[in-house]
Amino acid sequence: MGATKKEWTREEVAVRILAGEALVVYNNQLLRIPQAWLNAHPGGSLAILHFVGRDATDEIAAYHCDQTLAKMKSYVIGTVETSDGIWEPLVPPIMTGWVRKLSHDGKTAWHNEATPLPPSNLSSEILLVERDSCLLETSGPTLSHLVPPATRLSLKDQARHSAAYKALHNRIIDAGLYNTRYITGYGPEIARYLLLAASSAVAYSHDWLIISAVCLGLLWHQLVFTVHDLGHMGVTHDWTKDRLIAILLADFIGGLSVGWWVDNHNVHHLVTNHPSHDPDIAHLPFLAVSTTFFKSLWSSYYKRTMVFNRVSAFLISLQHKLFYILLGLGRFNLYANAYGFLWRKAFDHGRARGGRWSWRLEVIGVLFFWFWYGAVLKGCGSWSRAITYLMVSHVVTSPLHVQIVLSHFSMSTEDLGPVESFPHRQLRTTTDVICPPHLSFMHGGLHLQVTHHLFPRLPRHNLREASVLVKEFAKEQDLVYAEFGFISGNGEVLDVLKGVADQAKIVGMVADHEIREAIEQKVR
């Protein structure tokens with residue numbers, strides 16, 4: 001039926017989305033993503049679901065190589081009706097909590113994860129398509145869920161930013177910045193890894209446990225940067241090769257899961273700093289970068305409500321004081337997220353890229369990690385020395401967590417809706433950390449976050465050169481290219497955290513006052 005359709009109106013697209021189809025606009029063509037590929041998408045299903053009904057041209061181009069883009073032609077079911085070449089976006093159902101799930105009768109139906117409604121309420125909703133003046137009964141989201149709310153953004157301005165971004169992307173390609181610098185770029189990286197590994201082993205053999213633990217922690221810290229590159233297919237640009245190397249470094253040597261990281265990180269890149277959807281700022285009950293989290297938001301990534309209660313209010317009121325302590329323990333949180341992901345995948349029968357071999361290899365890698373690292377801890381000689389080694393080797397990696405949060409925690413968390421263009425969103429929610437070239441290895445390229453977020457597949461050793469072009473683009477488009485120093489950046493983040501903490505303290509005081517009043521009334 002859809003394959004013969006040549007041009008789709010906005011209302012027709014909306015109706016098909018409400019019927020359960022995953023439709024995405026790409027270069028004014030309409031892509032219908034089959035459920036099988038939605039489940040198997042290497043970047044995770046949410047990376048697609050967040051762009052249902054939207055123009056994802058820039059995002060698709062930024063995240064996929066030419067070979068993958070060519071394969072997408074098989075999903076084209078026609079073109080879309082535009083105004084002056086601009087598609088007016090719809091709100092993806094996932095943004096308001098709607099997902100497709102198997103019902104009790106074995107059929108797929110709409111289910112609202114954020115605010116579950118009884119079937120009787122859902123079935124009574126009515127879809128109204130005003131232009132066509134037609135009524136259609138639907139069980140699930142209605143057209144009102146798909147229509148974007150009023151926004152201060154101009155669709156034409158966002159289209160202008162998007163067109164300029166496409167021209168910028170072509171300049172990046174023509175400059176050869178997607179070519180990996182294996183010798184001058186990764187050569188020194190590999191030498192550094194080997195030096196740290198050897199230093200840790202030699203120190204351990206001499207019973208210099210603290211030095212050994214520090215060197216091991218620094219090795220983990222540095223390896224994560226290359227795993228980050230590999231997860232973005234930014235090294236060999238071949239999925240299988242990059243994934244195999246990433247599993248070796250992340251799972252076998254680091255005890256983490258690159259599969260989890262890619263699933264998490266892609267969503268972060270696409271909905272950066274969105275309180276309900278970006279997992280990288282969803283840290284309740286310990287951290288909140290906005291008072292929006294006081295509303296007990298639903299997380300579309302974690303599939304749970306981030307409850308803000310008296311305990312959360314108390315912890316958040318202290319977050320600016322606990323900030324570095326929490327980040328010092330950040331690697332333990334990575335273990336929890338990674339292993340939870342691998343456990344869930346054990347029961348997931350979807351055919352993700354790599355089939356089951358990738359998952360099996362990750363599980364083997366994690367088991368191998370705890371075998372060799374467990375032997376290291378056992379060889380420390382006593383429980384106290386083993387715990388000291390464990391804590392030192394893990395806390396040493398904490399600068400990584402500081403670097404990551406610096407780029408986003410002080411930036412906007414406002415939801416500007418689906419009208420916002422890809423470049424506008426990335427520049428609004430991301431900042432660079434100013435760093436001299438000779439110290440850039442300490443940041444692993446993550447200090448150039450603005451350019452990285454605009455071109456995630458770009459090899460990190462080319463980011464500085466590309467950032468010059470991005471700054472020109474930002475100036476021409478009258479967009480802010482944010483950057484600050486490492487020290488001042490820490491200060492800005494702490495200021496944001498303290499501002500939210502002060503508000504949480506007030507909320508807690510009000511709650512305590514209301515409880516006391518309620519008790520007094522009962523006594524009377």
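Quick one: Kirkwood hydrodynamic radius for region 245-308, alpha-carbon pairs, angstrom, one decimal?
Kirkwood radius, region 245-308: 12.8 Å.
Expected output is a single nm value to one decimal: the length gained when fully extending between N309 and D478, i.e. 0.36 nm times separation in residues minus the C-alpha distance. What is it?
Gain in length upon complete extension: 56.7 nm.
Taking a 21 Å limit on the Cα-Cα distance, which of the listed pairs K166/K475; K71/K345; K71/K471; K107/K345 fall beyond it?
Working: K166/K475 16 Å; K71/K345 26 Å; K71/K471 33 Å; K107/K345 23 Å.
Where the Cα-Cα span goes over 21 Å, the pairs concerned are K71/K345; K71/K471; K107/K345.
So if I take the centroid of the Cα atoms in region 24-39 and the same for region 206-237, what is the distance between those two points in Å?
Going from one Cα centre to the other spans 37 Å.
What is the extension gain from S384 to V510, computed as 0.36 nm multiplied by their sequence separation minus the C-alpha to C-alpha distance, in nm to one decimal?
40.9 nm
Provide the per-residue ³J(HN,Hα) series for region 447-457, in order, calculated from phi with Karplus coefficients 6.51, -1.76, 1.60 and θ = phi - 60°, each as a whole number of Hz, with x at glycine and proline positions.
Couplings: 6, 9, 5, 4, 5, 4, 5, 7, 9, x, 8 Hz.
I want the local charge near L209. Using Cβ-Cβ distances under 15 Å, sum +1 for each Lys or Arg and -1 for each Asp or Glu among the other residues.
Working: positive: K378, R385; negative: D207.
With Lys, Arg at +1 and Asp, Glu at -1, the net is +1.
R0 = 22 Å: FRET efficiency of I173 with M72, Cβ-based, nearest 0.05?
0.75
Between E11 and E414, take the C-beta separation as r, use R0 = 25 Å, and let me know the FRET efficiency to the nearest 0.05.
Details: r = 29 Å, r/R0 = 1.15.
About 0.30, to the nearest 0.05.
When the scattering of region 385-433 is computed by the Debye formula from its Cα atoms alone, each counted once and equally, what is log10 I(q)/I(0) at q = 0.23, 0.27, 0.31 Å⁻¹?
-0.83, -0.97, -1.08
With each run of n ≥ 4 DSSP H residues scored as -39500 (n - 2.57), what mean residue ellipticity at 222 nm is computed for the chain after dividing by its residue count and rounding to the nearest 500 deg cm²/dmol?
Only helices count here, giving -16000 deg cm²/dmol.
Heavy atoms only, 1.4 Å probe, whole protein assembly: order H111, H269 by accessible area, highest first.
Output order, biggest surface exposure first: H111, H269.
Translational diffusion coefficient, Stokes-Einstein: compute it for region 1-80 using the Kirkwood radius over C-alpha pairs as Rh, at 25 °C and 0.890 mPa s, and state it as an integer in µm² s⁻¹.
193
Before anything else, pin down the relative contact order of the chain: Cα pairs under 8 Å, at least 6 apart, normalised by residue count, whole percent.
Relative contact order, the chain: 17 percent.
Just grab the label-to-label distance for M391 and S296, each label 7 Å out from Cα along the Cβ direction, in nm (one decimal).
With each label point 7 Å from Cα toward Cβ, the separation is 3.6 nm.
For a test of the definition: using alpha carbon positions, the gyration tensor, and the 1.5 limit on a/c, classify region 184-319 as rounded, prolate or oblate.
oblate
Counting only other residues whose beta carbon sits under 12 Å from that of D157, what net charge do I get with K and R as +1, D and E as -1?
Summing Lys and Arg as +1 and Asp and Glu as -1 gives +1.
Using only the C-alpha atoms of region 291-445, find the volume of their convex hull and express it per residue in Å³.
On the way: hull volume 32.8 nm³, N = 155.
Given the Cα convex hull of region 291-445, per-residue volume reads 212 Å³.
Taking the alpha-carbon distance from K156 and a cut-off under 14 Å, which aspartates and glutamates remain once sequence neighbours fewer than 8 residues away in the same chain are dropped?
Of all the aspartates and glutamates, those that pass the test against K156 - Cα under 14 Å, at least 8 places apart if same chain - are D55, D84, E88, E420.
Once the Cβ-Cβ distance between T79 and W208 is put in as r, and R0 is 51 Å, what FRET efficiency do you end up with, to the nearest 0.05?
0.15
With charges only on Cβ, +1 for K and R and -1 for D and E, what is the dipole size of the chain about its Cα centre, in debye, rounded to 20?
Roughly 1240 debye, rounded to the nearest 20.
Taking 0.36 nm per residue of sequence separation and subtracting the Cα-Cα distance, how much length would be gained by fully extending the chain between L329 and I519, in nm to one decimal?
64.5 nm
Which helices of the chain meet both criteria: a Cα extent of 24 Å or more along the helical axis and a mean Kyte-Doolittle score no lower than -1.0, with helices taken as whole DSSP H segments?
155-174, 187-205, 209-231, 357-378, 486-523
The values are calculated or read from the model by the stated rules, or taken from the named source; none is laboratory data. Model, not experiment: these values are computed from the prediction. Cβ: placed from backbone, ideal geometry, glycine included. Neighbour counts: every protein chain shown. Side chains included, ligands, DNA and RNA excluded: accessible areas come from the protein's heavy atoms. Shrake-Rupley method; radii C 1.70, N 1.55, O 1.52, S 1.80 Å.
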